Every structure is written in C-alpha cells, then in structure tokens.
Amino acid sequence: MKDKTESFKTSVGGQALMEGIMMRGPQKMCVAVRRPDGGIFTEETPITVRPWQKWPFVRGVFNFADSLVSGYRCLMKSAEIAMDDEAGEEPTKFDKWVAEHFGEKGTNFVMAAAALCGGLLALVLFMVVPTAIVGAVNRFVPLGGFKALWEGIIKLVMLVGYMALVSRMKEINRVFRYHGAEHKTIACYEAGRELTVENIRPCSRFHPRCGTSFLIIVLIVSILVMSLVPWHGTGMRIVLKLLLLPVIVGVSYEIIKLCGRYDNIVTRIVSAPGLWLQHITTQEPDDSMIECAIAAVLPVLPENREDGKW
C-alpha cells in the first residue's frame with residue numbers, strides 16, 4: 001500500500017529567478033535571492049485569492065495572467081538584488097520620470113506593461129509566425145488538410161529550439177539550475193522528508209506540475225483545437241487563434257491540474273512531453289542553490305499540510 005506522504009501533491013510551487021527562486025503557497029509568496037556578498041535576501045508578500053481564480057476553466061486564464069505579471073516583478077527584483085554590487089548606477093531618466101510622476105504605482109505599471117509586451121512577443125513568435133509560414137508555403141505547395149499539423153510541428157520545433165539555444169547562455173543555464181533546485185525541493189516536501197540540503201539533493205528535478213509542462217500542454221491543446229477550425233485565410237486564422245487563446249489556456253490548466261492530481265497511464269502519457277522538455281529547462285543545482293530554494297519555500301508552507309494540497 002502506498003504511503004500517504006508518497007502520494008501527497010502540493011499546490012506550493014515557484015519560479016526560478018536570477019540567482020534565486022520565488023515560491024508561492026496558499027497564502028503568501030516568498031522571493032529568496034543570493035546576494036553578491038553570499039547572504040540570502042528574502043522578501044515575503046501576501047497573496048489575495050479572488051473567487052474567480054477558483055472557477056474551473058476560468059481560473060486558468062486569470063492564474064496564467066497573474067503568473068506572468070508577478071513572475072516578471074520577481075525576476076526584476078532578483079536581478080536588482082543579485083547585481084547589487086554592479087548596480088550602483090544612477091536610475092535612467094525614464095525611471096526618474098516615472099518615479100516622480102506616478103510613484104510606486106507607476107513602476108508597477110511599467111513592470112506590468114513590460115510583462116505584457118513579453119507575452120505579446122511570445123504570441124507573435126509561437127502563434128502568428130507558424131501560421132504565416134504555413135500560409136506562405138501553402139501558396140506554392142498545397143498542404144491540404146495537413147496545414148494544422150505543419151503549424152503544430154513548426155511551433156514545437158521553434159519552442160524546443162529556443163529553449164535549447166538559450167540554455168547555452170551562462171546566465172540562463174544558472175536560472176535552469178535554480179529551476180532544478182525548485183523542483184527538487186518541492187519533491188522532497190511532497191515526500192514528507194525534512195527540507196535539508198542532504199535530503200533534497202537526491203530528489204528528482206523533473207515535475208509534472210511545471211510551467212514547462214504547462215507550455216507543452218498549451219501547445220498540444222492548441223494543435224487539437226485549431227485542427228477543428230477551418231482555414232479561411234492566414235489573417236483570419238491568426239485572429240481566430242488569438243480569440244481562442246483564453247479557451248486553450250483554460251482547458252490546458254485543467255489538464256495539468258488533473259495530471260498533477262492523478263498518477264495513471266493516461267496522465268503519464270500526457271505529462272511525458274513536458275517532462276522530456278524539462279531535460280533542457282531544469283539542470284542539476286549546487287548546494288547553494290538548494291539553500292535558496294529552502295529559504296524561499298519555508299515561509300510559504302501552510303501550517304496544516306492539507307491546506308496546500310493540489
């Protein structure tokens with residue numbers, strides 16, 4: 001019979017940052033960043049959960065948008081802390097102007113706008129470009145009913161290629177190592193073991209409830225959904241894809257919820273592509289990275305373990 005600690009799945013999760021990790025629990029979020037002097041900076045932020053963030057299918061869209069904004073804010077915070085020694089520079093004229101005229105709200109707005117721009121760039125790269133390529137090729141080589149399939153293949157190649165390319169950058173590789181530390185720490189917690197470097201080190205760096213897995217599921221769901229949509233020209237298809245994006249994200253979120261909650265042959269098959277891609281997006285961390293993960297996760301763990309159940 002399976003031990004309860006082995007089957008426990010937690011909603012506690014996080015995101016790798018520059019020289020640190022953000023962990024998010026049921027009630028608060030914590031950022032832990034390794035400072036240039038070797039110490040660990042931590043900052044806790046309470047979380048407000050609104051009713052619609054619990055509604056099936058709707059919650060996926062809101063949680064995804066919230067993750068983009070809060071994730072970008074934490075990433076900027078980590079960059080500021082990790083590069084503190086190098087960043088004795090004066091704020092730019094634009095930063096000064098925003099601070100003088102709008103204060104902290106203005107800074108938050110700029111961060112949110114930057115996150116939005118990043119999201120829009122991702123939309124262009126992974127939704128508009130593949131459709132444009134297939135539409136252009138179809139003018140010279142009729143693809144018939146296989147246009148949606150080729151669209152999906154191009155998306156997949158672009159995503160995997162992009163991940164593999166950026167992983168070669170020294171800074172991104174370190175982020176991916178912190179990503180591995182995050183996963184190992186969550187795995188250790190789910191196993192019911194004490195959160196120490198020695199206990200976390202041998203844990204798996206692959207996890208089915210990872211953002212990488214979510215991206216792959218979004219990709220697969222988009223291929224299936226768009227295969228049912230007639231191709232009425234490249235421009236119209238791009239518009240329809242954008243309109244259907246909330247539906248695709250909402251469905252994908254529910255799928256990854258199911259994959260994280262149940263362990264059977266179906267969920268393993270669905271989770272497999274995301275776990276394969278994690279061979280790129282997670283790398284083995286060193287002990288100092290694991291220490292950061294522990295510092296980030298301890299403040300957000302609920303007093304009652306069951307309150308953080310997935």
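The values are calculated or read from the model by the stated rules, or taken from the named source; none is laboratory data. Since this is a predicted model, take the numbers as computed values, not measurements. Reconstructed Cβ throughout: ideal geometry from the backbone, glycine too, with neighbour counts over all protein chains shown. Calculation scope for accessible area: heavy atoms of the full protein, side chains included, ligands and nucleic acids excluded. Shrake-Rupley method; radii C 1.70, N 1.55, O 1.52, S 1.80 Å.
Observations
- 3J(HN,Hα) along the stretch 149-163, derived from phi through the Karplus expression 6.51 cos²θ - 1.76 cosθ + 1.60 where θ = phi - 60°, amounts to 5, 5, 4, x, 5, 4, 4, 5, 4, 5, 5, 5, x, 5, 4 Hz, with x in place of Gly and Pro.
- Rolling a 1.4 Å probe over the protein chains gives TRP150 an accessible area of about 120 Å².
- Pairs from LYS54/LYS155; LYS9/LYS241; LYS241/LYS309; LYS54/LYS241 whose Cα-Cα separation, in the structure shown, is over 27 Å: LYS54/LYS155; LYS9/LYS241; LYS241/LYS309
- Candidate residues SER213, SER227: accessible-area rank, largest first, probe 1.4 Å: SER227, SER213
- When every Cα-Cα distance of the stretch 201-241 is counted in 10 angstrom steps from zero, the calculated P(r) takes the values 24, 33, 22, 12, 7, 1 percent.
- Computed 3J(HN,Hα) for the stretch 35-45, one whole-Hz value per residue from the Karplus formula 6.51 cos²θ - 1.76 cosθ + 1.60 where θ = phi - 60°, is 6, x, 7, x, x, 10, 7, 10, 9, 9, 9, glycine and proline marked x.
- Dividing the summed helix terms, -39500 (n - 2.57) for each DSSP H run of n ≥ 4, by the number of residues in the chain produces a 222 nm estimate of -20500 deg cm²/dmol to the nearest 500.
- Probe 1.4 Å - accessible area at LEU125, Å² to nearest ten: 70 Å²
- Sparse-neighbour loop sites [GluC sites (Glu not before Pro); the stretch 39-89; at most 14 other C-beta within 10 Å; DSSP]: GLU86, GLU89
- Förster radius 35 Å - calculated FRET efficiency between VAL160 and VAL247, Cβ distance, rounded to 0.05: 0.90
- Taking 0.36 nm per residue of sequence separation and removing the Cα-Cα distance, the LEU125/GLU171 pair yields an extension gain of 14.3 nm.
- Amide H within-cut-off set for LYS28, under 5 Å, with H built and near neighbours excluded: ILE47
- For the chain, the longest principal axis of the alpha carbon atoms and the long axis of helix 58-82 meet at an angle near 50°.
- Rounded to 10°, Cα long-axis angle of helix 265-281 versus longest principal axis of the chain: 70 degrees
- Accessible surface of the chain, 1.4 Å probe: 65 percent of it comes from carbon and sulfur atoms.
- Helix axis angle, 234-261 relative to the chain longest principal axis, alpha carbon, degrees: 40 degrees
- Cα gyration tensor category, rounded, prolate or oblate, for the chain with a/c compared to 1.5: oblate
- Shape of the stretch 114-260, Cα gyration tensor, a/c cut at 1.5: prolate
- Prolate/oblate/rounded call for the stretch 252-310, Cα gyration tensor, a/c under 1.5 rounded: oblate
- Restriction of the GluC sites (Glu not before Pro) in the stretch 238-310 to DSSP coil positions whose beta-carbon has at most 16 other beta-carbons within 10 angstrom yields GLU303.
- At a probe radius of 1.4 angstrom, the accessible area of the chain per residue rounds to 56 square angstrom.
- Trypsin sites (Lys or Arg not before Pro) restricted to DSSP loop in the stretch 181-234 with at most 16 other C-beta within 10 Å: ARG193
- On full extension, the segment bounded by ASP84 and LEU68 gains 3.3 nm, given 0.36 nm per residue less the C-alpha separation.
- Using a probe of 1.4 Å on the protein chains alone, the accessible area found for HIS183 is around 10 Å².
- Distant-in-sequence amide H partners of LEU17 (H built 1.01 Å from N, under 5 Å): MET22
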